[in-house]
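These notes are about the structure you will find just below.
The values are calculated or read from the model by the stated rules, or taken from the named source; none is laboratory data. Predicted model only: the values in this text are computed from it and were never measured. When we count neighbours, we look across all protein chains shown, and the Cβ atoms used for this are built from the backbone with ideal geometry, even at glycine. SASA here: full protein model, heavy atoms, side chains in, ligands and nucleic acids out. Shrake-Rupley method; radii C 1.70, N 1.55, O 1.52, S 1.80 Å.
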Amino acid sequence: MTFFLSFSSPPSLIFLLFLISTIFLHCYSFNDPAHYHHPSHHHPPHFASHDYKDAFTKSIIFFQGQRSGKLPHNQRISWRSHSALSDGSAINVDLVGGYYDAGDNVKFGFPMAFTTTMLSWSVIEFGGIMKGELENAREAIRWGSDYLLKATAHPDTIYVQVGDAKKDHACWERPEDMDTPRNVYKIDKNTPGTEVAAETAAALAAASLVFKKIDPTYSKTLARRAISVFQFADKYRGSYSDGLKPIVCPFYCSYSGYEDELLWGAAWLHKATKNQMYLNYIKVNGQTLGSAEFDNTFGWDNKHVGARILLSKAFLVQKVNTLHDYKGHADNFICSVIPDASFSSTQYTPGGLLFKMNDSNMQYVTSTSFLLLTYAKYLTSAHMVVNCGGTIITPKSLRAMAKKQVDYLLGDNPLEMSYMVGYGPKYPQRIHHRGSSLPSISEHPNKIQCSEGFNIMNSQNPNPNILVGAIVGGPDQYDRFPDVRSDYEQSEPATYMNAPLVGALAYLAHSFGQL
C-alpha cells in the first residue's frame, strides 16, 4: 500500500507536527542497525510503504514461470507446461531442465549460473528470516543447480547453451510448442570459456552452502563439482565470447573479460570449502584479477563488486586479516553510488532510480540494493562505517538507500507504476515474454506456429497470462515507460533481475514485521 497525502482544506499545524513525528519515528525504527539483529527489542513501525511480504513471495514464484523441462505437480504458475523434454538428446546428453533466462526459449548457461549464485547468496544472507518462503527459495535454487550438475557431468566440458538464439528469435512461440533447433554448445579444453566456467563454479559452491545442513549429500556433490569446474576454468583460460562468438554474441557476450569471474569463483570456493588454497589464490592473484578496479557495475557480466563485498565479509566478520584491502575496495563501490555526492559516479533518474544503462537497467537496481543491504549487515557486525572522503556513511543510510530503490521499483515513482508484474494496482501489461503473451495450452491446445505468434506480439492487447513476480527492464533515464511488448530493453523480464531482489525483499519484509 503506497502512502499518499492529499488535503481538501489546509491541515492544522498540530496534525502536520504529528505527521512529521510519525515519519521521523518510522525512519528511525527502520534504520536502526540493531533492528535486524534483535527484532524482539523493537516494535515494527506503524506503516510500511509496501507489502514487502507479498512482493517477496511473488519474486520467488516468478522462477516457476521460467522453468524448462518436466514441471512438478506443485507448479504454481499453472499456465506453463512441460517443454524442451529432449534437450541434449541429439548428442546423448541429458540437458533437460534449468531456466529460460528471459522472454525467449533459449537456455543460456552464463546468466543461468549467475542467477543460481545470486539466489543462493540471498538465502545464505537472509534465509534465516525467510520463514515459510525459505523452502520455495531453495526449490528455485535446486532447479538451477540440478541443471548445472547435468551441464558439467563430463570432465573439462561444460554445456553452456541449448537452442540457437537467432533462429529462436525469428519465432514468437510458446516454449511448449517450440520447434526451433535445440543445438547444444559447449566449452572444453580446445574452446575454453573461463567466464562461464568460473561462474558455474561459483553457483555450485554457493548452492552447496544453501543445502549444507538440510541435504549434506547433495551439498557435497555440489561442492566437489564446484572444485573441479573451477580448476578447469583456471587451467584452460580463454573468453567464451571468442570461441563461441557467433553463438553467444550479442546476447550474452562477455565484455568485462574473465578475471572478475575467477576472483568471484575463488571467493565462493573459499567460503564453501574453507580451504586455505583458495585464500592463497586470492592473495596471489587478486590484484591481477582486478580486485581494485573502479568498474562499479554488478550484474551477469561483471562480478568484481560482488567479489569485493563477499571477500570483505571474511575480513569484517570472520576476521581474516589478509583480506583487509577488500574493505577498502568495497567502500569504493559504496562511495560511487551515493546520490548527490561529489565522489559519486552513478547516474539517477529525476525520480531517484539508479540508472546504469537503457537495456534491462532494473538488474543493476536489484543487484545494487542487495549489495547495500548485505554490506550494511557486515558493517553492523563489525561496528564499522564507510568513509567517503571525510563523509561518513553508516549501515543505516545504506539500508535507507536500498529501501528507496526497492520502493521505486514497487511503485513509488513518477508513473506510480510497479515494475513487478502482478504486484500493486498498476504494473506492466505487455511484457516481452512469449509464454505470457500467447494463450496457454489449456486455453488454446492447438499449436501456434513460429510466425503466427507475431500477430499477438505486435498487438496492443495485454498479455493473457500474468507472469507473477517478474521484474521488467524498467523505465528510461527520464522515468518513462511505454509498456510496449516489442521493447525488450524496457519490457523484458529476466531471472538475474529477480534473483538479488529475493534477498532484499526478505530483509525489508522482516524489518517491517511482515515476516
Enter the accessible area of Asp51 (Å², nearest 10), with the probe set to 1.4 Å and all protein chains included.
70
Computed over the stretch 201-313, Cα set: Rg, Dmax in Å
14.4, 42
Dimensions (Å) - the stretch 84-233, Cα atoms, principal axes, largest first
44, 36, 23
Figure the gain on full extension for His82 and Glu416 (residue separation times 0.36 nm, minus the Cα-Cα span) and round it to one decimal in nm.
116.6 nm
How long is the gain from Thr217 to Ser442 if the chain were fully straight, where each residue apart is worth 0.36 nm and the alpha carbon distance is subtracted?
77.1 nm
Take the cross-link list Lys107/Lys220; Lys186/Lys447; Lys70/Lys189; Lys70/Lys213; Lys166/Lys186 and give me the ones stretching past 20 Å between alpha-carbons.
Lys107/Lys220; Lys186/Lys447; Lys70/Lys189; Lys70/Lys213
Ranking Lys313, Lys356 from most to least accessible area with a 1.4 Å probe gives Lys356, Lys313
Divide by every residue of the chain the summed helix terms, -39500 (n - 2.57) for each DSSP H run of at least 4, and state the resulting mean residue ellipticity at 222 nm, rounded to the nearest 500 deg cm²/dmol.
-14500 deg cm²/dmol
Tell me which residues come under 5 Å, amide H to amide H, from Thr180 once H is placed; ignore anything under 5 positions away on its chain.
none
Calculated SAXS-style log₁₀ I(q)/I(0) at q = 0.19 Å⁻¹ - the stretch 185-225, Debye, Cα scatterers:
-0.58
In Å, the C-alpha Rg and Dmax of the stretch 378-442 are 19.0, 62
Accessible-area value, Lys166, 1.4 Å probe, nucleic acids and ligands omitted, Å²
110
Given charges of +1 on the Cβ of Lys and Arg and -1 on the Cβ of Asp and Glu, with all other atoms neutral, how large is the dipole of the stretch 419-515 about its Cα centre, in debye to the nearest 20?
180
Accessible surface of the chain, 1.4 Å probe, proportion on carbon and sulfur as whole %
56
Starting from 0.36 nm per residue, how many nanometres of slack lie between Lys167 and Asp242 once their C-alpha separation is accounted for?
24.9 nm
Starting from the eigenvalues of the Cα gyration tensor, five times each then square-rooted, give me the equivalent ellipsoid semi-axes of the chain, largest first, whole Å.
35, 30, 20
Sites matching GluC sites (Glu not before Pro) across the stretch 418-493 that sit in DSSP coil, with at most 13 neighbouring C-beta atoms within 10 Å
Glu443
Selected from Val386, Gly103, Met457, residue furthest toward positive end of dipole (the chain; charges at beta carbon):
Val386
How high is the relative contact order of the chain, in percent, counting Cα pairs under 8 Å that sit 6 or more residues apart?
20
With each label point set 7 Å from Cα along the Cα-Cβ vector, what nm distance links Ser451 and Asn92?
3.9
Is there a pair in Lys212/Lys271; Lys303/Lys356; Lys271/Lys319; Lys313/Lys403; Lys212/Lys283 whose C-alpha atoms are over 19 Å apart, and which pairs would that be?
Lys313/Lys403; Lys212/Lys283
List His154, His73, His50, ordered by accessible area with a 1.4 Å probe, largest first:
His73, His154, His50
Using +1 on the beta carbon of Lys and Arg, -1 on that of Asp and Glu, and nothing else charged, what's the dipole of the stretch 257-411 about the Cα centre, debye to 20?
720
Under 17 Å Cα to Cα from Lys58, which lysines show up? Leave out anything in the same chain fewer than 8 places away.
Lys131, Lys426
Of Ser256, His304, Val284, which is farthest along the charge dipole of the stretch 229-318 in the positive direction, counting Lys and Arg as +1 and Asp and Glu as -1 at C-beta?
Val284
So, in Å, what gap is there between the alpha-carbon centers of the stretch 46-82 and the stretch 197-272?
26
As an exercise, identify the chymotrypsin sites (Phe, Trp or Tyr not before Pro) in the stretch 226-331 lying in DSSP coil whose Cβ has no more than 15 other Cβ atoms within 10 Å.
Tyr255, Phe294
Here, Lys319 and Arg480, labelled 7 Å along Cα→Cβ, have an inter-label distance in nm of 5.7
Taking every DSSP bridge whose two residues both lie in the chain, the antiparallel percent to the nearest 5 is 100
P(r) weight above 14 Å for the stretch 447-515, C-alpha pairs, percent:
72
For the stretch 274-374: span of alpha carbons on each principal axis (Å, largest first)
47, 25, 22
Given Cβ point charges of +1 (Lys, Arg) and -1 (Asp, Glu) and nothing else, what value in debye, to the nearest 20, does the dipole of the chain about its Cα centre take?
1400
Distance between the stretch 431-495 and the stretch 120-136 - C-alpha centres, whole angstrom:
30
Long-range amide H contacts for Val472: which residues qualify at under 5 Å (H placed 1.01 Å from N, peptide plane, sequence gap of 5 or more or a different chain)?
Val421
